[in-house]
Amino acid sequence: MNKTIGLEIKGCIFDMDGVIVDTAHYHYLSWRKLTADWSYQITPEANESLKGVSRMESLEIILELAGVTKSDSEKADLCAKKNEWYRESICAMTADDTLPGVLPFIEQLKSAGLKVALGSASKNAKHILALMGLTDLFDGLVDGNDLTRSKPDPQVFLLAAEAMELSPSHCLVIEDAAKGIEAASAAGMRSVGIGEVEYLHAADLVLPSTALLSWSMIQSHFLKNERTAS
Ligand code: G6P
Ligand code: MG
């Protein structure tokens with residue numbers, strides 16, 4: 001490959017929970033509340049495997065880890081209860097809750113002529129963006145309501161690329177979930193992981209915090225790597 005990422009990347013797809021806003025933490029707290037009177041308690045490690053996964057699939061993973069069996073209607077009730085608690089915890093969110101550095105980064109991307117899209121597995125993601133007054137920042141919006149398959153399936157990112165009218169190879173994904181990084185690779189996209197290298201080592205670049213997001217830094221990182229590889 002002899003083009004630079006600056007020339008190749010024309011759009012950036014943002015995961016929501018744990019990238020735009022710290023809702024990943026509220027998902028975790030709501031699942032913990034749901035399992036509070038079970039003998040099994042979700043650990044932060046187990047929570048990593050829930051990131052990027054739909055509500056029902058997350059419950060299935062938790063039931064499996066807990067060794068608990070539930071009927072389909074009980075599962076539906078448990079998901080509804082978890083979502084009710086989750087919605088209560090996020091109902092007062094405003095633009096001030098955007099994770100550090102995200103809004104300036106989106107501004108940098110837009111000034112550089114890039115498009116931006118949302119690519120989230122959450123059925124609450126568009127609602128949260130609206131609550132925060134951020135919807136209009138995005139050229140394309142894809143959330144859990146548009147999906148039939150969870151990350152690591154690339155469906156979410158392929159739809160987001162389509163919404164921006166860009167080819168997948170021109171898109172960069174910003175993600176905090178290992179399954180999201182896998183989904184980005186499966187979509188033929190580059191990725192920046194937000195969080196710990198331990199979980200996100202498959203990303204092209206890992207940053208410990210959104211506060212470090214910078215378009216010029218990302219471009220020089222990829223440029224340097226391409227020079228080293230050639
Ligand atoms: C994202 C989060 C998951 C969450 C899923 C479904 O992928 O990373 O933790 O379970 O969305 O969210 P929802 O708001 O639809 O329950
Ligand atoms: Mg996430």
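The residues on offer are L158, L141, and the sole one that is assigned to a strand (DSSP E or B) and either more than 16 Å from ligand 1 (Cβ to nearest atom) or of a type outside the set (V, I, T) (or both) is L141.
Can you find even one residue in the range 164-177 that is within 16 Å of ligand 2 (Cβ to nearest atom), in contact with a helix residue (DSSP H, G or I) (Cβ under 6 Å, 6 or more places away or on another chain) and not in a strand (DSSP E or B)? No: zero hits. Taking into account only those residues within the range 43-64 that are open to solvent by less than 40 Å² (accessible area, probe 1.4 Å), among the aliphatic types (A, V, I, L, M) and within 16 Å of ligand 2 (Cβ to nearest atom), which is farthest from A177 (Cα to Cα)? Filtering first and then ranking leaves A46.
Would you be able to tell me the number of residues in the range 96-113 that are open to solvent by less than 40 Å² (accessible area, probe 1.4 Å) and of a type outside the set (F, W, Y)?
Of all residues in the range 96-113, those open to solvent by less than 40 Å² (accessible area, probe 1.4 Å) come to 98-99, 101-102, 105-106, 109.
If we keep only those that are of a type outside the set (F, W, Y) too, we end up with 98-99, 101-102, 106, 109.
Qualifying residue count for the region: 6.
Taken together, E48, E57, E88 contain a single residue that is among the charged types (D, E, K, R) and touching a helix residue (DSSP H, G or I) at 6+ places or on another chain (Cβ under 6 Å), which is E48. The listed residues are Y40, Y26, and the only one of them that is within 16 Å of ligand 2 (Cβ to nearest atom) and either among the aromatic types (F, W, Y) or closer than 30 Å to L114 by Cα (or both) turns out to be Y26. Within the range 174-185, residues that are more than 13 Å from ligand 1 (Cβ to nearest atom) and open to solvent by less than 10 Å² (accessible area, probe 1.4 Å) reach partners that are at pLDDT 95 or above and in a helix (DSSP H, G or I) with beta carbons closer than 7 Å, at six or more positions or on different chains, in the pairs A184/F157.
Does any residue of the range 87-102 turn out to be of a type outside the set (A, V, I, L, M, F, W, C), in contact (Cβ under 8 Å) with a residue 24 or more places away in the chain and within 19 Å of G11 (Cα to Cα)? Quick ask: steps written out before the conclusion?
Pass one, the range 87-102, residues of a type outside the set (A, V, I, L, M, F, W, C): 87-89, 94, 96-98, 100-101.
Of the ones still in play, those that are also in contact (Cβ under 8 Å) with a residue 24 or more places away in the chain are 87, 89, 94, 97-98, 100-101.
When the remaining residues are screened for being within 19 Å of G11 (Cα to Cα), the result is 101.
The answer is yes, given that some residue of the range 87-102 is of a type outside the set (A, V, I, L, M, F, W, C), in contact (Cβ under 8 Å) with a residue 24 or more places away in the chain and within 19 Å of G11 (Cα to Cα).
The values are calculated or read from the model by the stated rules, or taken from the named source; none is laboratory data. Being a predicted model, the structure only gives us computed values, none of them experimental. Positions of Cβ are backbone-derived with ideal geometry, glycine not excepted, and every protein chain shown enters the neighbour counts. In case anyone asks, the SASA skips ligands and DNA or RNA and just uses the protein heavy atoms, side chains included. Shrake-Rupley method; radii C 1.70, N 1.55, O 1.52, S 1.80 Å.
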